[in-house]
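Trainee: Right, I'll just put the structure down here and ask away after.
The values are calculated or read from the model by the stated rules, or taken from the named source; none is laboratory data. In this text, all values refer to a predicted model and were calculated from it rather than measured experimentally. Here the Cβ is made from the backbone with ideal geometry for all residues, glycine too, and neighbour counts use every protein chain on show.
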Amino acid sequence: MKTKHFLSITDLSISELKTVFKIALKTKKELKTKHANKPLLRNQTMSMIFEKPSLRTRLSFETAMTQLGGHAIYLAPSDIGLGVREKISDVAKVASGMTNIIMARVFKHTTVEELAAYSAVPVINGLSDLEHPCQTLADMLTILEVKKELSNLKIVFIGDGENNVAHSLCLGAAMLGMQFTCASPQGFWLNQEIVKKAKKYSLKITLTSDVKKAVKQADVVYTDTWVSMGDEKEKEKRLSIFKPYQVTQSLMKLAKPDAIFMHDLPAYRGNEVASEVIDGPQSVVFQQAENRLHAQKALLIHLNQKCTSLS
Ligand code: CP
Ligand code: NVA
């Protein structure tokens, strides 16, 4: 079996991305109406390697595997000591010898790259310091459901731009022809390599520190924690730098009247978002969270089909 990894959102082509959304909408409907999905991954097992905590990523992948007739094994940070108890390459060879797919949530992006380099089965990035592509799949699926389209929309990310969620969102938006604006304080702008990569797909990318200007005409206002996993040592400094970047009700009023609010979660009310926004009528965060399941399921089906056709 030849491998097809998913380390970056750009590991899918634009047409594959659209195929994944189609599969997700279909399997979501199937699950809601028939209360079950076809067992397309029967007898398949997924290794889920976690160096960091998770609620949505673990729940969505484990549930997706169960609902597709397969099985997922959770390997907690203390279980395997990735790169400490055992070399990353050895973990990749062992896990791919016994299981059909590997999902890993790691600190350094080079760790998922190394896993992929030594794995005989697909490796999925369940979040690294550079990207969170699985989140973007669910985000775009949610926007598509709510707005009935993707291209031509304006999506504004506010807060920590030098961040996995913002990076994958920027790339995904560029791939799908959306206008992407990132409003961040100086020093927390998107990684330049990511911007360069995104600009190969679209030039509709704006970086600014002016949060009020940024949200004008926005269809989607998106934020993420100011203190990502691994940034805890900088917590106090970050809380003070990002303070003017909180998504408040008055900021939402500057966007289009039918703009939606999105957040990958976990959220810190009173920091990056005011309670009345995340718990208010414009917020779609729980639909977005549930869509992690449907998006991840579609990704698994797509990668499995791809591997079968390559073998
Ligand atoms: N959004 C997200 O990835 O959530 P978890 O960290 O809980 O998996
Ligand atoms: N940027 C956040 C995303 C959490 C899902 C982090 O890396 O902690």
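Trainee: Please work out which one of (1) closer than 21 Å to Asp279 by Cα; (2) not in a helix (DSSP H, G or I) is the condition Lys243 fails and give its number.
Mentor: Just one mismatch for Lys243, condition (2).
Trainee: So in segment 51-67, with the set limited to residues that are touching a helix residue (DSSP H, G or I) at 6+ places or on another chain (Cβ under 6 Å) and of a type in the set (D, E, K, R), which one is nearest to ligand 1 (Cβ to nearest atom)?
Mentor: The extreme case among them is Arg56.
Trainee: Pairs under 7 Å by beta carbon, first residue within 20 Å of Lys29 (Cα to Cα) and in contact (Cβ under 8 Å) with a residue 40 or more places away in the chain in segment 49-69, partner outside any strand (DSSP E or B) and polar (S, T, N, Q), six or more apart or different chains?
Mentor: Pairs found: Ser60/Gln296; Phe61/Gln296; Ala64/Gln296; Gln67/Asn37; Leu68/Asn37.
Trainee: Return the only residue of His263, His294 being at pLDDT 95 or above, away from ligand 1 (no atom under 14 Å from the Cβ) and closer than 16 Å to Ile143 by Cβ.
Mentor: Just a single option satisfies the conditions, and that option is His294.
Trainee: Residues of segment 180-212 being part of a strand (DSSP E or B) and more than 18 Å from the chain's Cα centre (by Cα), which ones?
Mentor: Result: Ala183, Ile205, Thr206, Leu207, Thr208.
Trainee: Just to verify a result, which residue in segment 242-264, among those that are over 19 Å from Lys147 (Cβ atoms) and surrounded by 17 or more Cβ atoms within 10 Å (Cβ to Cβ), is nearest to ligand 2 (Cβ to nearest atom)?
Mentor: The extreme case among them is Phe242.
Trainee: Restricted to segment 133-179, and to residues that are polar (S, T, N, Q) and part of a helix (DSSP H, G or I), which residue is farthest from Val220 (Cα to Cα)?
Mentor: Among residues in segment 133-179 that are polar (S, T, N, Q) and part of a helix (DSSP H, G or I), the one farthest from Val220 (Cα to Cα) is Asn164.
Trainee: Can Thr57 be described as touching a Lys or Arg at 6+ places or on another chain (Cβ under 7 Å), under 30 Å from Ala173 (Cβ atoms) and either modelled with pLDDT under 95 or not aromatic (Phe, Trp, Tyr) (or both)?
Mentor: yes
Trainee: Right, Gly70: over 23 Å from Glu131 (Cβ atoms), buried (at least 18 other Cβ atoms within 10 Å of the Cβ) and of a type in the set (Gly, Ala, Ser) or not?
Mentor: Yes; evaluated as a whole, the condition is true for this residue.
Trainee: When the residues of segment 266-291 are filtered to those that are among the acidic types (Asp, Glu) and more than 17 Å from the chain's Cα centre (by Cα), which remaining residue is nearest to Thr136 (Cα to Cα)?
Mentor: Step by step, filter segment 266-291, then rank; the result is Glu272.
Trainee: Shifting gears a bit: If a residue must be within 16 Å of ligand 2 (Cβ to nearest atom) and either among the hydroxyl-bearing types (Ser, Thr, Tyr) or closer than 17 Å to Lys204 by Cβ (or both), how many such residues does segment 141-165 contain?
Mentor: Total satisfying the criteria: 3.
Trainee: So Val227 ticks every box in (1) over 25 Å from Leu31 (Cα atoms); (2) not in a loop (DSSP other than H, G, I, E, B) but one. Which box is left unticked?
Mentor: It is condition (2) that Val227 fails.
Trainee: Would you say Asp224 is within 15 Å of Ala259 (Cβ to Cβ), touching a residue at least 12 places away in the same chain (Cβ under 8 Å) and not β-branched (Val, Ile, Thr)?
Mentor: No, not satisfied.
Trainee: Which is within 16 Å of ligand 1 (Cβ to nearest atom), of a type in the set (Asp, Glu) and farther than 15 Å from Thr181 by Cα, of Asp258, Asp231?
Mentor: Checking each option against the conditions leaves just Asp231.
Trainee: Being surrounded by fewer than 18 Cβ atoms within 10 Å (Cβ to Cβ) and either closer than 22 Å to Cys307 by Cβ or touching a residue at least 24 places away in the same chain (Cβ under 8 Å) (or both) is the filter here, so list the residues in segment 91-108 that pass it.
Mentor: The answer is Lys93, Val94, Gly97, Met98, Phe107.
Trainee: Here is a further query. Residue check: is Glu149 farther than 29 Å from Asn43 by Cβ and surrounded by fewer than 24 Cβ atoms within 10 Å (Cβ to Cβ)?
Mentor: yes
Trainee: If you don't mind, another one. Could you check Phe286 against (1) crowded, with 21+ Cβ neighbours inside 10 Å; (2) within 16 Å of ligand 1 (Cβ to nearest atom) and say which number it fails?
Mentor: It fails just one condition, (1).
Trainee: Any idea which of Leu115, Leu127 is within 16 Å of ligand 1 (Cβ to nearest atom), aliphatic (A, V, I, L, M) and either in a strand (DSSP E or B) or closer than 27 Å to Asp264 by Cβ (or both)?
Mentor: The unique qualifying residue is Leu127.
Trainee: Examine segment 172-187 for a residue that is touching a helix residue (DSSP H, G or I) at 6+ places or on another chain (Cβ under 8 Å), of a type outside the set (Ser, Thr, Tyr), farther than 16 Å from Leu12 by Cβ and in contact (Cβ under 8 Å) with a residue 60 or more places away in the chain, and state whether such a residue exists.
Mentor: yes
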